[in-house]
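Everything below concerns the one structure shown next.
The values are calculated or read from the model by the stated rules, or taken from the named source; none is laboratory data. Worth saying up front: this structure is predicted, and the values here are computed from it rather than measured. Using ideal geometry, Cβ is built from the backbone for each residue, glycine included, and neighbour counts are taken over all protein chains shown.
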Amino acid sequence: MNIALFVAIPLGFAFISILHKKLAPILLIAASLFIIVGLSFVQNGETVIGGFEAPYGIHLLMDSYRLTALYIVNILFLSVVLLNIRKYHQMSTVLLISLTGLNGLIMTGDLFNLFVFLEISGISAYLITSTNKNPLASFQYLVAGTVGSSLYLFGLILLYAMFGSLNLADLSMQVSQLTDKTPVLLPFLLMFLGLGVEVKLLPLNSWVKGILKDANTLSGPMIASVYAAAMSLVFGRILIDLFVFEGRFIVIVSTILLVSILAGEAMAYQSKNVKEILLYSSVAQAGLVVLLFVSGLASWALFMVMANAISKMILFTIIASASEENGDDITVLQGIFTNNKLIGFSFTIASLSVIGLPLFMGFVVKMNALNHLFGEQMFLAIIAILLASVVEGIYFVRLLLHLWTPSETTVTFDIRMKAVLFALAVMLIVFGITVEPIESLKDTIEIGLNVGGTSWRI
Amino acid sequence: MKKVLALVFVLVLGALIMNHLNDNNLFAGFGDAMLENRVSQSYIDRDATENNDGVVFDESLDLESGAANTVTAIVADYRSFDTLGEVTVLFISSFGVALLLGQSKKRIALEFKPNFMLKIGSRALFAVILMTGVFVSIHGHLTPGGGFPGGAMIASSMLLLYLADDEFRAKMRGFKILESVMGVFYIILGLAGLMITGFFLENFLDNGALGTLFSAGMIPIVYIIIGLKVGSEISSVIDHFLSEEGA
Amino acid sequence: MANIELLILITLSLGLLSYVLYHFSPRLSSALTILGSFFVFGSVLYHGYIGSFDVSSTLLPYVSFSSSALSIFFAVIITFTYAMVSLFNPYFLKTHKAGNVHNLLFLSTLAFVLGVLFTNHFMTMFFFFEAVVWTSLFMIPLKGSKSAAIMYYRFSAFGSFALLGAIFLLKANSGTFLITESLAVVDGAHQLVIFILLVVAGMAKLGAFPFHIWLPEVLGKAPDHTSALFSGGLEKLGAFIIVFALVRVAPVGATFAAIDLAWSRYAVAILGALTIVFGTLMAIRQDDAKKLLAYSSMSNGGYMLVAFSLMNSISVMGGLYHVLAHALASVAAFLAIAAVARQTNTTKMSELGGMIHKMPITYMVYLIAIISMAGIPPMGGFISKWLIFQAVINKGLIFVAVAVFFGSVGSFLYVFRPLAALFLGQELPQYKKTLKEAPSLMLLAMLILSVLNIFTGVFPTPILKVINTVIVEMGMNEVVLTTFTIEGFNGLLHPGLIALVFMVGVFVAFVIFISLKKSKKVGLMDTYTAGNFIYTEELMHYSVDFYAPLERLYEKYIDIARNVYRSLDHKIKEFARLIKYFIFTYKPEITAFWVVLILILFLWGDIA
Amino acid sequence: MLINVLEIIVSILLLLLAFLALSSKSLIKSVMFLSSLSMLSVVAFVLMKAPDVALTEAVIGSGLVTSLFVFTLLATRKVGQKQ
Amino acid sequence: MLQIAGLLLMMLGLYGLLTNRNVIKIILALNILEIGLNIFIISIGFVRGGEAPIFSSETTSNALVYVDPLPQALVLTAIVIGVGTTALGLAFAKQIYAKYHTFELDEMGEE
């Protein structure tokens, strides 16, 4: 199975899909299914595009990390699509392109190619958010995203000027051979800021509120779960493979991350509006994930992304669906779970997993990450994580108590939504109880990171 | 005041960046780029895959990339995947514009009434520009230009018709089919490369002698595809921008 | 049932069963709850006594258990509390919004408490700890107060995650999550941090001084009988953690030479003393009987802190005995209040009065409980407080000693008030007809508790011997006991003798009371002041502004801790609003601004 | 030498036009300044021996983008007039 | 010199983003930012005295000094992507205008 197909097939389907409106949703689901099925026939290694070996040509990479990332993104993508395709069928082409973009983003081993895919997925994200009917917010997202990718391109071109290559592996080898690392810090900071816009790190994420505040069942889970997962996984991979942290760069990065986490939690704590609570909490979680990547805990960060993505998918879908008729004030939504036990159950599990309570996937991830951090004596990160957990706990308890308290509100949920979300919630429990799959996956991922490090760094 | 402050801020930043880059020994100054240390030297020498004795215009046969224009060689051969992505960006933004502005409605009426001469003249000019566009696209591997400017020229010929004739509406359906078919062709070309040589988007045609029209393997084909696709996409964008809601 | 794992699982499944059963018959479901609680209590007591716990675990993954004298001691106390409270369950389910949920949560918390007490692995302990927090959390709002539940979670979560921090530090220190092993090798740089984190975790759970805000909220607003559970059962988990920190972790940091006590422990003792003082002062000014008892629980928690921080056999014995005595007394008191509240639907003292006429047994139970709480012989509270006094005086901790005595004196003041206000005084007209004595099951529970309250005061040595095994297990010398005496620092204590003397005194007083002339009965409105008839009944009530002169002394300062938290909350929210105002607006220039600023900050270093 | 002078002139003009485009009060003037900025950047590209980029920028950057801006303004001004 | 001009154009683009509160102007500033970036990228590959990287009857051999073709290829892509975002941004601008009847952000009712 040539992994270029994961980009080519959805792209080709997208080109076809503009011909026939009825056909488009079918093509979308077919492409999505094709990728998920195809993922099990994938072999690790690099796939050259156009017949030119790295660093001259572009190549796609596959290892356990990327495979896991692809599974996460594609499965969540498919579930979002299945839940929304009937209502938002006109978005099929856009979704196909965004699938192309996200898959390419995860697999590519070339920094400029990554920029191209960043733009592809970015533009399709702007279009997905246009279903919110808030053009101002989408416009702001577009401006922020364009500024971000311009910064990324600027940093990238500085790297090219210094090292004469655009290949990730080639660059990381050359950077690691430098004795004085100060010259590369500016491009790294530029790229960090550029990608930080997409990953929702704090001072750069003013677009998040406008987008997620009015999110519907398509754009909410798509941006908060699928895109957030893909972007942070790509960002994390670059952080691990390429970046070096030194001097002022460390200071700036750690300030950004700590402020993201603490301010995100504080804002969620202060909010009275369910969607706002969720969106600010996802800001904090993005900071947490990047913090783990920066600390070198790649595999646990990957699992945290996975746990968060599943949780956010559940939370945003439920809230977006419930607030379609009622608005999303915390008091308006009181008691929506009294008649929807299954939905309430999924929501509760997702939020408990985000807090990091035992039995759920978030716990396993948080505990292992903490364990490593304690071993490394990184107390600032530890304090941030523990404080964040306390605050998260408080506002989620408040939310849960409100949503579970019986009241007159009646909201009906789609039966398919119930099924899909329940399955995802069960997944959180399964990964929270049986640790073996995660542990073994972690081992292969770490082997992949090392082997990858030696084999494809020329 | 705020503006002055902002201006000072950005100028300080610019000065700081310049200062930083000047201090940076890895960063060559303006005009002093060292190509030997970069991958691009291999693009110019056409020796990315095997050692190559040298490239001579009009003589070298069957180079790894047969375009005389090195930029074209990179765009359509070495980094063809980027170009596929680029086409996708244009495709999705054209689709997005259509999505956002709606399948409209009525086109904007211009404030002046074009007279007969203008109409005829623009028809003639339309043909010329269209031909130029196609020419630029096809000769992308030899001369500056290529599919993107070519496509844009095709689109601007359509624009000319729009401007010259108040009533003119392009046949959007045709553009759509053209766009779709060309996109699929591009993918099929890539897949064919995958089938024949084992690499997606690999050039599987003969390259011929450097500098002749029928050389460079797939590149002219790719550029024609791109030219037509870009042309139709941009025309559709223009059409949507020239229409408005109502009536 | 000798296997702890099986016991936990059975309790959990009984909880589920009672949840399901409730749909068909609430009565049966309640019976099941009672049965389950007694079953757990019985097996813990029996197997704890003969020491035959089976700690192997085969069914649950990642979980392992061990049993120690300490955990059995705590388990017996807490399961007994559960058993007693369970007898109240059937009468309160009707007032709940969801009785089925209550029964499920009741038995689940019981199961998880056992898990906390018996596990030998810190992560498992954290898991059970969190499970207890979350299951008990949802019992609070069953009466309708969400804010109390959130308050409870704030402090519990703080405690839990402090515990988690301590656990990981211990792990980093010793390389193992096993409790005994990792506690054994606490040393090095993190020692003090571990100590502080563990103490914070315990104090948050116990409701000690800076973390006491939740206690009156929760105990005051939880369902009436559930308050007893929190006060007598769940709060004691905090004491369990405190024992970890103060007794099992070796002394930390520099020693305060004058009193031969580590500074860190001295600090805890001071906090304990503050807890006692604050709790007492706050209890004095409450109008709600449940809140009053809540503050009294707080001050008694302070006694435990003081006792465990002193680190000698007598004080630890006093502390452990106080855990038992206070559990018995506070459960009895809360249940008595619950019994009253069930009949009258209020716990405000100003709205009650004269209950002794209709509820004499409840009155007796309450009387005995508060005597024990105040530390007056011949009840259990006296024995523990005597031991703690002994230890404090022996150490020469003047401030702590003053606080401890103040607490005892203060408790006279406050426990008398509900007694007078609820039970004595004029019988209020609105309850005259409807009021009855509590139902038999409730009476049974209360009577058992009263008997035990007296028993622990009169004949404590069998229990103290059990505590001696706990103390020896923790590596301290055992306290010298005979059948009837306890040897303290300053002499022997004869609880039986004291009780006897006390009985005689009471008998004499009773004789005098009988033989003297009867007082004249007057009606409630039968009063005149300055020749005017008083129309507002409340003004006549005993308990309104009972200690007003005393309260005036300190009423300006009572809300200090609460205000600190409130302003912390405001500060967080202000910070959040600030960030929101600066960043999360529809202003596209914000991103550009921060980019420019960060880049300038980064590059400025090149020049500077 | 000549080229150097040319470079400097083009650079200064570029910055000038950019500043004018940003500070002009009239939107249509701004767009026109942007268009000339774009045309001037074509000169810059030619000076830096990038004919491909120059051609593309001339056709797409200068021509197409300008027309899109103008059409947007045109359409909205009409809408504005109706009210 | 042109490199500095490119850099300063980017800075002016940022300045435009910082000071303008008009939707069209913001897109315009983004365009200036992109043009500046493009000039900067090309300047990275410029070699003084180098030839344009096209083999022709005048520049026949690879032995000559050429300017770096890769940045030019990248800029080609970047220009097209820039057009894509600009078109989309203008479409959003049209939508915004349809909703609020103004391009000024300050005149729209904020939530």
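Looking across region A:19-43 at every residue that is surrounded by fewer than 18 Cβ atoms within 10 Å (Cβ to Cβ) and among the polar types (S, T, N, Q), the one that is nearest to the chain's Cα centre (by Cα) is identified as A:SER40. So is E:GLU51 more than 30 Å from B:GLU36 (Cβ to Cβ) and modelled with pLDDT under 90 or not? Against the criterion (more than 30 Å from B:GLU36 (Cβ to Cβ) and modelled with pLDDT under 90), E:GLU51 does not qualify. Within this structure, E:LEU28 fails the test of being crowded, with 24+ Cβ neighbours inside 10 Å and more than 7 Å from chain D (Cβ to nearest Cβ). Consider C:TYR49 carefully, then state whether it is under 28 Å from the mean Cα position of the chain (by Cα) and either more than 27 Å from C:GLU473 (Cβ to Cβ) or outside the structural domain of C:VAL116 (by TED's automatic domain parsing) (or both). No; evaluated as a whole, the condition is false for this residue.
Going through E:GLU58, E:GLU34 one at a time, which residue ends up being of a type in the set (Asp, Glu), touching a strand residue (DSSP E or B) at 6+ places or on another chain (Cβ under 9 Å) and more than 8 Å from chain B (Cβ to nearest Cβ)? Being of a type in the set (Asp, Glu), touching a strand residue (DSSP E or B) at 6+ places or on another chain (Cβ under 9 Å) and more than 8 Å from chain B (Cβ to nearest Cβ) holds for just one of E:GLU58, E:GLU34, which is E:GLU58.
Based on what the data block shows, is E:THR85 without any contact (Cβ under 8 Å) to a residue 24 or more places away in the chain and either at the interface with chain D (Cβ under 7 Å from one of its Cβ atoms) or not charged (D, E, K, R) (or both)? No.
Could you pull out the residue among A:LEU153, A:LEU127 that is over 29 Å from A:ASN2 (Cα atoms) and either assigned to a helix (DSSP H, G or I) or not hydroxyl-bearing (Ser, Thr, Tyr) (or both)? So the residue among A:LEU153, A:LEU127 that is over 29 Å from A:ASN2 (Cα atoms) and either assigned to a helix (DSSP H, G or I) or not hydroxyl-bearing (Ser, Thr, Tyr) (or both) is A:LEU127. Restricted to region C:545-608, the set of helices (runs of 4 or more DSSP H) holding at least 2 residues that are closer than 23 Å to A:LEU204 by Cβ comprises C:560-583, C:589-607. Exactly one residue out of C:MET125, C:MET139, C:MET151 is touching a Leu at 6+ places or on another chain (Cβ under 9 Å), among the aliphatic types (A, V, I, L, M), closer than 17 Å to A:VAL397 by Cβ and touching a residue at least 40 places away in the same chain (Cβ under 8 Å), and it is C:MET139.
Residues checked against (1) touching a strand residue (DSSP E or B) at 6+ places or on another chain (Cβ under 8 Å); (2) facing chain B (nearest Cβ under 10 Å); (3) on the phi < 0 side of the Ramachandran plot:
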| residue | (1), (2), (3) |
| --- | --- |
| A:TYR126 | no, yes, yes |
| A:LYS133 | no, no, no |
| A:ALA137 | no, no, yes |
| A:VAL147 | no, no, yes |
| A:ASN167 | yes, yes, yes |
| A:ASP170 | no, yes, yes |
| A:ASP180 | no, yes, yes |
| A:LEU189 | no, no, yes |
| A:LYS200 | no, no, no |
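For region B:11-25, the set of residues classified as crowded, with 18+ Cβ neighbours inside 10 Å and under 22 Å from D:MET48 (Cα atoms) consists of B:GLY14, B:ILE17, B:LEU21, listed by residue number. Of the helices (runs of 4 or more DSSP H) contained entirely in region B:141-247, not one carries at least 2 residues that are buried (at least 24 other Cβ atoms within 10 Å of the Cβ) and at pLDDT below 80.
Take the conditions assigned to a helix (DSSP H, G or I), within 11 Å of another protein chain (Cβ to nearest Cβ) and not charged (D, E, K, R) and apply them to A:ILE349. Does it pass?
no
Please tell me if A:LYS133 is under 29 Å from A:GLY327 (Cα atoms), among the basic types (Lys, Arg), over 22 Å from the mean Cα position of the chain (by Cα) and surrounded by fewer than 24 Cβ atoms within 10 Å (Cβ to Cβ). Considered against the rule, which asks whether it is under 29 Å from A:GLY327 (Cα atoms), among the basic types (Lys, Arg), over 22 Å from the mean Cα position of the chain (by Cα) and surrounded by fewer than 24 Cβ atoms within 10 Å (Cβ to Cβ), A:LYS133 comes out as yes.
If only residues of region A:379-433 that are among the hydroxyl-bearing types (Ser, Thr, Tyr) and within 8 Å of another protein chain (Cβ to nearest Cβ) are counted, the one that is surrounded by the most Cβ atoms within 10 Å (Cβ to Cβ) is A:SER389.
Only residues that are at pLDDT 75 or above, more than 7 Å from every other protein chain (Cβ to nearest Cβ) and either farther than 20 Å from B:ILE221 by Cβ or in a strand (DSSP E or B) (or both) were counted in region B:40-57, giving 2.
If you go through region C:35-68 and keep only what is surrounded by fewer than 18 Cβ atoms within 10 Å (Cβ to Cβ), aliphatic (A, V, I, L, M) and in contact (Cβ under 8 Å) with a residue 24 or more places away in the chain, you end up with C:LEU45, C:VAL55, C:LEU59, C:LEU60.
Scan region A:203-214 and tell me whether some residue there is surrounded by fewer than 24 Cβ atoms within 10 Å (Cβ to Cβ) and of a type in the set (A, V, I, L, M). Looking for residues that are surrounded by fewer than 24 Cβ atoms within 10 Å (Cβ to Cβ) and of a type in the set (A, V, I, L, M), one finds none in region A:203-214, hence no. Considering the conditions (1) more than 9 Å from chain D (Cβ to nearest Cβ); (2) closer than 30 Å to B:ASP53 by Cα; (3) assigned to a helix (DSSP H, G or I), E:ILE42 is excluded by exactly one of them, (1). Of all residues in region D:17-34, those satisfying the criterion of being assigned to a helix (DSSP H, G or I) and more than 10 Å from chain E (Cβ to nearest Cβ) are D:LEU20, D:LYS29, D:MET32. Taking the criterion of being closer than 29 Å to C:LEU597 by Cα and out of contact with any Asp or Glu (no Cβ under 9 Å at 6 or more places or on another chain), the residues of region A:172-183 that qualify are A:VAL175, A:SER176, A:LEU178, A:THR179, A:ASP180. Taken across region C:176-193, residues that are out of contact with any Gly (no Cβ under 6 Å at 6 or more places or on another chain), surrounded by 24 or more Cβ atoms within 10 Å (Cβ to Cβ) and in contact (Cβ under 8 Å) with a residue 12 or more places away in the chain do not occur at all.
Please find, among A:LEU70, A:LEU96, the residue that is more than 10 Å from every other protein chain (Cβ to nearest Cβ), surrounded by 24 or more Cβ atoms within 10 Å (Cβ to Cβ) and modelled with pLDDT of 90 or more.
Going through A:LEU70, A:LEU96 in turn, just one is more than 10 Å from every other protein chain (Cβ to nearest Cβ), surrounded by 24 or more Cβ atoms within 10 Å (Cβ to Cβ) and modelled with pLDDT of 90 or more: A:LEU70.
Could you please let me know if D:ALA54 is more than 7 Å from chain E (Cβ to nearest Cβ), within 16 Å of the chain's Cα centre (by Cα) and either modelled with pLDDT of 90 or more or within 21 Å of E:SER43 (Cα to Cα) (or both)? So D:ALA54 passes the test.
Within region C:351-403, the set of residues being under 19 Å from C:THR275 (Cα atoms), among the β-branched types (Val, Ile, Thr) and out of contact with any helix residue (DSSP H, G or I) (no Cβ under 7 Å at 6 or more places or on another chain) comprises C:ILE398, C:VAL402. Of all residues in region C:153-173, none are surrounded by fewer than 24 Cβ atoms within 10 Å (Cβ to Cβ), touching a Phe, Trp or Tyr at 6+ places or on another chain (Cβ under 9 Å) and of a type in the set (Val, Ile, Thr). Inside region C:284-306, can you point out the residues that are hydrophobic (A, V, I, L, M, F, W, C) and at pLDDT below 85? Correct list: C:ILE284, C:ALA289, C:LEU292, C:LEU293.
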